[in-house]
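Any read-out appearing in this document is the output of simple, stated calculations on the displayed coordinates, not a laboratory observation. Note that the structure is a prediction, hence the values are computed from the model and not measured. Cβ placement follows ideal geometry from the backbone for every residue including glycine, while neighbour counts extend to all protein chains displayed.
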Amino acid sequence: MSVKAVIFDWGGTLTPWHDIDIARMWRDVCATGLDPDLVADAAARLHAAEDELWRRGRDEHRSATLDEVFALAGVEPGEALLTAVYELWSPHTLIDPAAPGLLRELRARGVKVGVLSNTMWTRDWHERIFARDDVLGLLDGAVYSSEIPWTKPHAEAFRAAMAAVDVDDPSACVFVGDRPFDDVHGAKSAGMRAALMPNSTVPTWETEPDAVLHGGLADLLPHIDRWSA
């Protein structure tokens, strides 16, 4: 079966992985939008709420939104705070320089390009990022877990991504991600091929990817061509 679609994870895949001090990020966000006397407590509650919702996604495969983070923390998500979240995260969301050329090459081969991301952010925020980095027009479809009930590795999340790129045969799809459990195990359980972008800080999982991209995104095309031959 030739490859009809390649679906990418976002963070750690299209955007290169790097460690971020989340607790400090929340303090910086709150310092931008709250009274100084409220910053430490609000930041701690937001950090704890985010941790709990990521735990729910990891253990129960149920999605969450940024609004839920604020609600669980008991912090009002005013415009100043939301603007601060977006602006302070923006430097950490830059698209891998190899991505635009790869997406163009895939489309030139008649392969559809999609995104499936475990995220609490809205579609609008992601599309602003993709437009900023000149890849929004290279996507045939995208699914963000903030819009559906499930997170990866739930099979329904992968089926939603397939539907977004209008491909109904999982054996004709390749998923590319950096997480052995969420991305590789999830994709293979849904019937897709899976390519792993390894990094040292993501939890391991006993699963066998169909390809390992040790050299990054640039390593993907030879595998696509081999699988399509």
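By definition, a body whose alpha carbon gyration tensor gives a ≥ b ≥ c is rounded when a/c is under 1.5, and region 129-229 falls into this rounded group. With all projection directions averaged, the alpha carbon convex hull of the chain covers 11.6 nm².
What the phi angles of region 76-92 give under the Karplus curve with 6.51, -1.76 and 1.60, with θ = phi - 60°, is a coupling list of 6, x, x, 4, 5, 5, 5, 4, 5, 4, 5, 5, 6, 7, 3, x, 9 Hz, glycine and proline written as x. Straightening the chain between residue 132 and residue 225 buys 30.5 nm, computed as 0.36 nm per residue apart minus the Cα-Cα spacing.
Only one residue of 14, 2, 43 has its Cα farthest out toward the positive end of the dipole of region 1-44, where Lys and Arg carry +1 and Asp and Glu -1 on Cβ, and that residue is 2.
Let's test the formula: R0 of 30 Å, r as the Cβ-Cβ distance of residue 156 and residue 38. What FRET efficiency results, to the nearest 0.05?
Working: r = 39 Å, r/R0 = 1.31.
Calculated value: 0.15.
Considering only 105, 79, 208, the mean-square fluctuation computed in a Gaussian network model of the chain, springs between alpha carbons under 10 angstrom, is largest for 79.
No solvent, one uniform scatterer per C-alpha: report log10 I(q)/I(0) for region 84-177 via the Debye equation at q = 0.13, 0.20, 0.21 1/Å, two decimals. After summing over all Cα pairs, the log10 values are -0.46, -1.07, -1.16. Between residue 166 and residue 67, the FRET efficiency from the beta-carbon distance, with R0 = 22 Å, is close to 0.15. Measure nothing fancy, just the Cα-based angle from helix 22-33's long axis to the longest principal axis of the chain, in degrees from 0 to 90, nearest 10. Here the helix axis deviates by roughly 50 degrees. Where in region 157-182 does the amide nitrogen come within less than 11 Å of the point 7 Å from the Cα of residue 189, taken along Cα to Cβ? 157-158, 181-182, by backbone N distance to the label point.
By the compact-protein rule of thumb, 2.2 N^0.38 Å, the alpha-carbon radius of gyration of region 7-138 corresponds to a ratio of 1.17.
Over the chain, DSSP H runs of length four or greater, each weighted -39,500 (n - 2.57), average out per residue to a 222 nm ellipticity of -13000 deg cm²/dmol. Modelled label positions at residue 147 and residue 90, each set 7 Å beyond Cα in the direction of Cβ, lie 2.3 nm from each other.
DSSP beta bridges fully contained in the chain are about 5 percent antiparallel.
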